[in-house]
Amino acid sequence: MPDYHSYDLGSFALESGETLHDAMLTYETHGRLNQQRDNAVLLPSWYTGTHRSYRPAIGTGRALDPARHFIIAVNMFGNGVSTSPSNSRRQAGPRFPAVTVGDNVRAQHRLVTDHLGIGRLALVCGWSMGAMQAWQWAAAYPAAVRTLLPICGSARCWPLNDVFLEGVKAALRADPAFNNGHYTEPPLAGLAAFGRVYAGWAYSAAFYRDELYQGLHFPTREDLLRDWERDHQRWDANDLLCMLRAWQQADAGLAPGYGGSLEAALAAITAETIVMPCNTDQYFTQEEAFKEFLGLKRAQWRPILSPYGHCAGAPGRFAAETAFIEQAIRELLAGEK
């Protein structure tokens with residue numbers, strides 16, 4: 001039996017002008033909505049993440065406590081749980097239309113407002129690509145987001161980030177078995193190459209130099225790389241590329257009303273915000289996060305100082321980093337300054 005709920009969107013119009021047929025948004029909830037309907041927290045999924053991925057950050061006594069908050073962990077299109085190339089009935093595989101971060105957020109807004117009856121979210125929080133969706137939420141629906149916490153994720157896909165993604169995409173597509181998405185068996189060599197290339201970007205130079213992977217139970221660097229290969233071989237290749245395309249096209253300035261101006265979108269955000277990049281993140285860089293922070297009206301700058309690079313922000317993965325993130329969540333949900 002599924003461990004999630006489903007919300008039927010029907011024929012969902014996309015920003016590209018195409019239609020996603022039989023669109024389904026899936027999500028998991030923790031806790032209950034209070035009588036005032038003002039204790040809801042939204043957690044959009046990240047790249048190669050699902051609703052299950054946030055569970056290590058949720059629990060009694062935690063910053064995300066189901067006894068106090070109604071927590072909604074929602075799956076983005078393309079992640080294999082919500083409507084995706086791997087599970088679509090009429091648009092499977094390479095026939096799946098291009099879906100953007102904006103499309104995901106519009107669908108989530110319908111879920112939150114029309115289906116769950118929530119007018120304003122107490123917090124929208126996400127790591128990595130989940131942070132990109134959180135930024136889009138705050139820009140597209142300013143009145144609907146009281147507080148915002150983007151962790152190791154930017155309001156747009158900056159150029160270096162885009163080049164990184166082009167590299168992992170090329171590694172996957174180079175496998176002849178991929179066959180432009182028309183594969184009959186998983187393109188395992190391409191998926192392994194995708195994962196091996198990705199691993200070089202996910203952590204920092206110090207992580208590899210100081211052999212910190214040994215603390216993650218990988219005796220050698222090669223053991224870590226092989227784990228990244230195996231992990232990505234469990235994913236559907238077209239699903240990975242669907243989400244990657246949305247990532248590359250992400251830009252909160254493309255939300256309606258801003259004319260493509262990221263500066264205008266950031267200036268319109270009214271949510272109290274804590275911006276949390278990692279100082280050693282190699283693709284959602286601290287430098288570019290700071291450029292975005294400067295465009296906000298009500299924000300704190302609070303970088304994560306960690307040798308774990310982009311992965312420093314992963315929910316529940318590293319104790320010190322998790323505690324630092326949870327303190328920010330507590331402050332935002334308590335309304336502290």
Exercise for the section: Confirm whether Lys337 is surrounded by fewer than 19 Cβ atoms within 10 Å (Cβ to Cβ), modelled with pLDDT of 95 or more and basic (Lys, Arg). Expected result: no
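One line per residue, one yes/no per condition, for (1) touching an Asp or Glu at 6+ places or on another chain (Cβ under 7 Å); (2) more than 24 Å from Cys311 (Cβ to Cβ):
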| position | (1), (2) |
| --- | --- |
| Ser11 | no, yes |
| Leu14 | yes, yes |
| Thr26 | no, yes |
| His30 | no, no |
| Asp38 | no, yes |
| Thr60 | no, yes |
| His69 | no, yes |
Practice task
Test Leu254 against the criterion of being farther than 20 Å from Ser45 by Cβ and modelled with pLDDT of 95 or more, and give yes or no.
Solution key: yes
Problem - Hey, Ala237 in the same structural domain as Gly167 (by TED's automatic domain parsing), closer than 29 Å to Asn75 by Cα and either modelled with pLDDT under 95 or in contact with a Cys (Cβ under 6 Å, 6 or more places away or on another chain) (or both) or not - result: no
Exercise for the section: Would you confirm whether any residue within region 130-146 is on the phi > 0 side of the Ramachandran plot, part of a helix (DSSP H, G or I), without any contact (Cβ under 8 Å) to a residue 40 or more places away in the chain and surrounded by fewer than 21 Cβ atoms within 10 Å (Cβ to Cβ)? Expected result: no
Problem - Hey, Ala139 at pLDDT 95 or above and under 23 Å from Gln327 (Cβ atoms) or not - result: no
Fill in the blank from the handout: Result of the Cβ filter at 6 Å on region 302-321, keeping first residues that are touching a residue at least 24 places away in the same chain (Cβ under 8 Å) and partners that are part of a helix (DSSP H, G or I) and among the β-branched types (Val, Ile, Thr), at least 6 apart or interchain, is Gly316/Thr322
Exercise for the section: Select from region 1-48 the residues that are of a type in the set (Lys, Arg) and touching a Leu at 6+ places or on another chain (Cβ under 7 Å) and list them in ascending order. Expected result: none
Handout entry: Residue satisfying all of: in region 316-337; more than 17 Å from the chain's Cα centre (by Cα) and in a loop (DSSP other than H, G, I, E, B); farthest from Asp38 (Cα to Cα) among these
Key = Phe318
Problem - Identity of the residue in region 164-192, without any contact (Cβ under 8 Å) to a residue 60 or more places away in the chain and buried (at least 21 other Cβ atoms within 10 Å of the Cβ), that ends up farthest from Ile274 (Cα to Cα) - result: Pro187
Practice task
Would you check if Gly102 is farther than 24 Å from Cys311 by Cβ, in contact (Cβ under 8 Å) with a residue 60 or more places away in the chain and assigned by TED's automatic domain parsing to the domain that holds Ser306?
Solution key: yes
Problem - Qualifying position, being farther than 19 Å from Pro150 by Cβ and of a type outside the set (Phe, Trp, Tyr), among Ala67, Ala63 - result: Ala67
Handout entry: Selection within region 149-163 - crowded, with 19+ Cβ neighbours inside 10 Å and either of a type outside the set (Phe, Trp, Tyr) or in a helix (DSSP H, G or I) (or both)
Key = Leu149, Pro150, Ile151, Cys152, Gly153, Ser154, Ala155, Arg156, Cys157, Asn161
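The values are calculated or read from the model by the stated rules, or taken from the named source; none is laboratory data. Note that this is a predicted model, so its numbers are computed, not measured. When we count neighbours, we look across all protein chains shown, and the Cβ atoms used for this are built from the backbone with ideal geometry, even at glycine.
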